[in-house]
Structures are given as C-alpha cells and as structure tokens.
Amino acid sequence: MSDDGLSRRQYIATVGGSAVALSVTGCMGNGGSGGGQTITAGTAPGFPPFEMKEGGELVGFDVDLLEAVVAETEYSFEGWEEFEFDSLIPALNNNNIDVIAAAMTITDDRDETIDFSDPYYSADQSIIVRADGDFSPGSLDDLSDRPVGAQKGTTGESVVNDELVGSRISEGQYNAYDNYVLAVQDLENGNIDAVVLDQPVAETFAANRPVSVAFVYETGERYGFGIRQGDSDRQSALNSGLSTVRENGTYQDLTQTWFGE
C-alpha cells in the first residue's frame, strides 16, 4: 500500500459493496468457511460502472461480483486498498494485495508477470468525443493530428501507443491520465478531442456526462481477476466461485443492475 493514508476497512463478503483489486492473506485451509482465510481487496476507482466512489464508498460491478464470488469460497472478504491502475500489478507482486479485480484485460504482456482467473467480462474499446462538438470520427484514421487521451497502464493506452502514436498522431498529442475521470474532464474542457477507453465505461460516461461514443474499435478484450503467478489455490477458488455465481443467477442479476443487460 502507498503512504497516502488510505485506511483499510473490514467487510463481510456479501453481494453489494465496493469496487476492487483484492488481496488474499492466509491460505486455503482444511475446509469450512473463515478459519483465518481472508481476502483484502484493492482497486483503482474512476472506472464506472466497474469501480467508482459514491458518497465516499467504493461501489460497482467488480465490487459486487468479487464479493459474490468470494462468498462462494472458503475465504472471507476483509476489505480493500486503493491504487492507481498502473500500480496494481506491482502491488500484487509485492504482496500488498493478492488478487486484482479492477476491469483488468487479460493480455499476453500481463500474463508474463501475473496469472488470471477465468474471464468474467468481454469488452472492446470506444472512442468518445464532446457531445456538443463538431468532431465526429468514424475510425482511427479520423483521429490523425488530434490530441487524444487515455488512462495510464490500460488497454486504451495500448491502442493509442500501438495504433496512433507515430503513424496518426505525434507523441506530444497523446495525453496520459491517472484515471479516466480526469481524461473526460479534459475532453469536456476542450483540451483534448477524444478519449480511448473500454466500451462499457464509455457508455456510462456518455449516459452521465456531455460526451458521446463516436465509434467502437474491436479488440476482443476479456477481463479477469489477477493473481500472483503460481498462486493456484486462489486461482482455483475464484474460478469455482465465478462458476457458481454464473450458475445461480447472481452474475446475470449484477449485469442487469450495472449495465441494464
């Protein structure tokens, strides 16, 4: 955890809570629930509807889903920590947290340093612009010579770096942000002309802010819970819990609640 004074609060693993990347302390024991088997969570707020702050509380789809998944395992949910998104993997590998639940896309690069649970959500990248502006791009080519923003460490940033910087925009035209709330604010203020971000998050911003989705760039992304390499006990527990919440209808209830699906 960073030295920013963030406190750790204790929670019971129930459906409905807060948005997170988690940390599990202890190990799988001899059966039964609890028994010192706890999960401490951490996440990167500012990614609605997956993880965000409302009234000072962490809430979102990842929060509710993770708590529901943990409730189906032999672990008990203890609380969470907040980090910038690009600090989550270092925090995981430094044993500050043990699992990441923060709408993290499973990629080959990340898979070299951490392991993942089974996928729990699929998403592509969206490009959002000001709703009252006259800029209406329909493809990445239309972003040429335009200032573009994305969040540091995300797959949106990967799209910008891989598909735009050097071929369509200069390095100086890319603006990196600690979270997407700041990026969208800069978009609204006219400091950038577009933001590249995950499709469900883009739709949430479009429903609540004066921005609109210009087009979707298909990437075939899938989100998974991040686990330290070789941590097969936690990986198996999360996969089992995820399978259970899909089978008992909890997953469908949560997607309806947070996405209207």
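Descriptive notes on the structure:
- In this structure, ALA68 does not qualify as within 16 Å of the chain's Cα centre (by Cα) and surrounded by 15 or more Cβ atoms within 10 Å (Cβ to Cβ).
Residues checked against (1) over 12 Å from the mean Cα position of the chain (by Cα); (2) modelled with pLDDT under 95:
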{"position": "ASP86", "(1), (2)": "no, yes"}
{"position": "ALA91", "(1), (2)": "yes, yes"}
{"position": "ASN94", "(1), (2)": "yes, yes"}
{"position": "ASP98", "(1), (2)": "yes, yes"}
{"position": "GLU112", "(1), (2)": "yes, no"}
{"position": "ASP118", "(1), (2)": "yes, no"}
{"position": "TYR121", "(1), (2)": "no, no"}
{"position": "SER126", "(1), (2)": "yes, no"}
{"position": "ALA131", "(1), (2)": "yes, no"}
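- Qualifying position, being polar (S, T, N, Q), open to solvent by 40 Å² or more (accessible area, probe 1.4 Å) and closer than 13 Å to ALA150 by Cβ, among ASN175, ASN189: ASN175
- Which numbered condition LEU187 misses (of (1) outside any strand (DSSP E or B); (2) touching a Leu at 6+ places or on another chain (Cβ under 6 Å)): (2)
- Entirely in segment 36-101, the strands (runs of 3 or more DSSP E) that have 1 or more residues that are aromatic (Phe, Trp, Tyr): 76-82
- Every pair of residues 6+ apart whose Cβ atoms lie under 6 Å, when the first sits in segment 241-261 and is without any contact (Cβ under 8 Å) to a residue 40 or more places away in the chain while the second is surrounded by fewer than 18 Cβ atoms within 10 Å (Cβ to Cβ): GLU261/THR255
- Search result, residues across segment 209-234 that are touching a residue at least 24 places away in the same chain (Cβ under 8 Å) and not in a strand (DSSP E or B): ARG209, PRO210, GLY224, PHE225, GLN229, GLY230, ASP231, ASP233, ARG234
- Residue in segment 101-122 that is open to solvent by 10 Å² or more (accessible area, probe 1.4 Å), of a type in the set (Asp, Glu), in contact with a strand residue (DSSP E or B) (Cβ under 7 Å, 6 or more places away or on another chain) and within 20 Å of TYR177 (Cβ to Cβ) present: no
The values are calculated or read from the model by the stated rules, or taken from the named source; none is laboratory data. Fair warning: this is a prediction, and the values are worked out from it, not measured in the lab. Here the Cβ is made from the backbone with ideal geometry for all residues, glycine too, and neighbour counts use every protein chain on show. Just the protein is used for accessible areas: all its heavy atoms, side chains included, with ligands, DNA and RNA removed. Shrake-Rupley method; radii C 1.70, N 1.55, O 1.52, S 1.80 Å.
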